[in-house]
């Protein structure tokens, strides 16, 4: 399974750098969390076999729901993730009695300072919104924007991100309806228009 375009890119670049190619996936079924991840997979000449629909949600939970509905089920999964990813998919697959092994494909590292031009724009009051695409980014953004969180309003990518923002005391002004970039853009437009 692939949970983000980053996980696709890092995994397949590693495969290619070590002398293999897409044939490594011959006979395997590939699952992705959403359209953006499916697009990233196509860049490596591969097609996703499984992806949740919009109603299930483009998330690990949505993918888990989709995979659990497969008949016959695929009972063995390699789950790519970052160091910050929750274990929703691995735990859910294992709870269903399937084999699931988590492979950390990349490490998300929090930035601890703002770029000088961003800091200057922030001080000048030119930044009104901040898009937040993960719980880890919510925590890092909240820490870096201390003293400005009353003016800079977060726009959330998902319910899980919104939950983290609320826990920080920095509730989102908008939330993407689905976990896709077009939906995130639509939520930005809604926030600006309101």
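Rule-based calculations on the coordinates, nothing more; no lab input. All values reported here derive from a predicted model rather than from experimental measurement. Virtual Cβ from ideal backbone geometry, glycine too; neighbours counted across all protein chains shown.
Segment residue 43..residue 84, full-extension length gain: 12.3 nm, with 0.36 nm per residue of separation and the alpha-carbon distance subtracted. Of 114, 63, 16, the sequence from fewest to most neighbouring Cβ atoms within 10 angstrom is 16, 114, 63. Taking label positions 7 Å along the Cα-Cβ direction at both residue 194 and residue 128, the computed distance is 1.3 nm, reported to one decimal. Determine, from the Cβ-Cβ distance of residue 99 and residue 180 and an R0 of 35 Å, the FRET efficiency 1/(1 + (r/R0)^6), rounded to the nearest 0.05. For R0 = 35 Å, the calculated efficiency reads 0.70.
Among 12, 77, 98, the ranking by other beta carbons within 10 Å of each residue's beta carbon, starting with the fewest, stands as 98, 77, 12.
Highest mobility in the GNM of the chain, judged by mean-square fluctuation with C-alpha springs under 10 Å and restricted to 94, 17, 128, is found for 17.
Only helical runs count toward this figure. For the chain, summing -39,500 (n - 2.57) over DSSP H runs of n ≥ 4 and dividing by all residues gives -11500 deg cm²/dmol at 222 nm. Simple spin-label estimate for residue 26 and residue 110 gives 4.6 nm between the two label positions (7 Å along the Cα-to-Cβ direction from each Cα).
Between residue 16 and residue 118, the FRET efficiency from the beta-carbon distance, with R0 = 41 Å, is close to 0.75. Rounding to the nearest 10 and keeping the result within 0 to 90°, find how far the Cα-based axis of helix 135-144 lies from the longest principal axis of the chain. Value to nearest ten degrees: 20. As I understand it, the value is the acute angle between the Cα axis of helix 181-193 and the longest principal axis of the Cα atoms of the chain; what does it come to in degrees, rounded to 10? Rounded to the nearest ten degrees, it is 20. Angle of helix 5-17 to the longest C-alpha principal axis of the chain, folded into 0 to 90 degrees and rounded to 10: 50°. Report note on the peptides 146-153, 163-170: ranked by the mean count of other C-beta atoms within 10 Å, highest first, their order is 163-170, 146-153.
For the pair residue 151 and residue 6, the difference between a 0.36 nm per residue extended length and the Cα-Cα distance amounts to 49.1 nm.
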